[in-house]
1. Mind listing whichever residues of region 393-440 are under 30 Å from Gly12 (Cβ atoms), hydroxyl-bearing (Ser, Thr, Tyr) and either part of a helix (DSSP H, G or I) or free of Cβ contacts under 8 Å to residues at least 60 places away in the same chain (or both)?
2. Look at Glu248 and say whether it is open to solvent by 40 Å² or more (accessible area, probe 1.4 Å), touching a Cys at 6+ places or on another chain (Cβ under 9 Å), under 23 Å from Ala215 (Cα atoms) and modelled with pLDDT of 95 or more.
3. Identify all residues within region 13-47 that are of a type in the set (Ser, Thr, Tyr) and assigned to a loop (DSSP other than H, G, I, E, B); write none if there are none.
4. Can you tell me which residues in region 3-24 are surrounded by fewer than 21 Cβ atoms within 10 Å (Cβ to Cβ) and over 25 Å from His322 (Cβ atoms)?
5. Quickly run through region 145-168 and pick out the residues that are open to solvent by less than 40 Å² (accessible area, probe 1.4 Å), closer than 30 Å to Glu244 by Cα and in a loop (DSSP other than H, G, I, E, B).
6. Taking the residues in region 353-369 that are within 17 Å of Gly282 (Cβ to Cβ) and touching a strand residue (DSSP E or B) at 6+ places or on another chain (Cβ under 8 Å) as candidates, determine which candidate is modelled with the highest pLDDT.
7. Give the number of residues within region 169-180 that are surrounded by fewer than 24 Cβ atoms within 10 Å (Cβ to Cβ) and either over 20 Å from the mean Cα position of the chain (by Cα) or not in a helix (DSSP H, G or I) (or both).
Amino acid sequence: MGRLFGTDGIRGIVNKELDCELALRVGIALGSSVKGDVLIGMDTRASSEMLAAAVASGLAAAGRRVELLGVCTTPAVAYLVKKRGASAGVMISASHNPYEYNGIKVFGADGYKLPDSEEDKIEEAVFSGRKALASCDGVGRIDRALGAREEYLDFLAGLFGISLNGMKIAVDCANGSTSWIAEELFSRIGARCYMINKSPDGKNINQNCGSTSLAKLKSAVLAHGCEVGIAFDGDGDRCLAIDECGCEVDGDYIMAILSLYLKSEGKLAHNTLIGTVMTNLGLSKFCEENGISFKASAVGDRYVSDMMREGGYCFGGEQSGHIIFGDIATTGDGLLTAIALLSHIKKSKKSLAELARVMKKYPQLTVNISADKEKKRSLDTDTVRAIIKEGEKKLGKSGRLLVRPSGTEALIRIMAEAESEELAREVAMFVAEKINGIPV
């Protein structure tokens, strides 16, 4: 039996790998494992209402009261679960994936994503076919969670106590979950906003926009003379930025900028930053030069979060823009990250381009190759290990090679870092071609 949960919940193509029947069974299984109310949020995909209804029906059938949040961000679900005292939260979203995908993310009462052991219990119940249904008298109700999204907006607006008056920003909502909140939030704290991709139609989420496609945001920043551009992904847990010159500022740069600020304020717990094995070599070099300890988790913001909690650290994230402020939130929050970055720019009286100069990024190239489960299993063979060793030899001591299966898509990701972009490209393509040619 394959694992139902990946690195970020359950995910698949709608009505092929993820349908209403599976969503219903997940709802029943989750409802049987918790005792109190459950919140459900969703992104803007055409299939999200359908899947939210199926999960809600399963939860109610198991005796749970369900509160529907409607369209909201993933971190909003995590925040509201804890604030409202719910026993669990569910987000219907496939994050940065195209609209034909969708997913189910589950949060515990503490606002954190479920540990593997709890996901395993839900999986076992789903695949066993057991249905722990409530009696007719014990069936749960499904209600709208009135005022919940406004609570989250108030929480974000009151975080850093600084006005952004006079700051001109461009914001790309990826036609996703931040479309309903971003302009109101940034305007409330004083910024002048130029909004793009905030008109979801069910199919345009992440479509050539947002954190996975920054060209339109770069154009908006330059066309309107903005100080900063902010890009979110479909469910709002990622944030990337564009500086005033139109240059990309990814999650590694954002972590460098904000970790240095937190250290200067005495707020960087244990003087440590948590990244992942995909973090650019430039960030670990930055940490060395600035007296900050760097630790790497497995890829996935949940693993960053786990390492932070286990070690008592407060700040970490991923190059992709999942940034976690452990003293404030339980998961990556794109809106929170954006406010923190904009507030620091305002307070420092420096441009984003100036602030980003604290780190020098090593040329890094990631190549994706299509891979089913059998192909992914081939990574654990002597043949692939030999290919990787050959690639590492080409890079020498000043580079890095990482080959891993994607936890959210049917892909193998090959990342190469080197002192030159040409060498990184050469090695990544070499390894990709070799692995792609292995019969399975």
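1. Passing the criteria: only Ser406.
2. So Glu248 fails the test.
3. Thr44, Ser47 - these are the residues of region 13-47 that are of a type in the set (Ser, Thr, Tyr) and assigned to a loop (DSSP other than H, G, I, E, B).
4. Correct list: Asn15, Lys16, Asp19, Cys20, Glu21, Leu22.
5. Of everything in region 145-168, those that are open to solvent by less than 40 Å² (accessible area, probe 1.4 Å), closer than 30 Å to Glu244 by Cα and in a loop (DSSP other than H, G, I, E, B) turn out to be Leu164, Met167.
6. Looking at residues that are within 17 Å of Gly282 (Cβ to Cβ) and touching a strand residue (DSSP E or B) at 6+ places or on another chain (Cβ under 8 Å), I get Ala356.
7. The qualifying residues number 0.
Residue-by-condition table, conditions (1) aliphatic (A, V, I, L, M); (2) farther than 23 Å from Asp8 by Cα; (3) surrounded by 15 or more Cβ atoms within 10 Å (Cβ to Cβ):
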| residue | (1), (2), (3) |
| --- | --- |
| Leu68 | yes, no, yes |
| Asn102 | no, no, yes |
| Ser117 | no, no, no |
| Asp143 | no, yes, no |
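The values are calculated or read from the model by the stated rules, or taken from the named source; none is laboratory data. Since this is a predicted model, take the numbers as computed values, not measurements. All Cβ positions, glycine included, derive from the backbone under ideal geometry; neighbour counts span all protein chains shown. The area values use the complete protein model at the heavy-atom level, side chains included, leaving out ligands, DNA and RNA. Shrake-Rupley method; radii C 1.70, N 1.55, O 1.52, S 1.80 Å.
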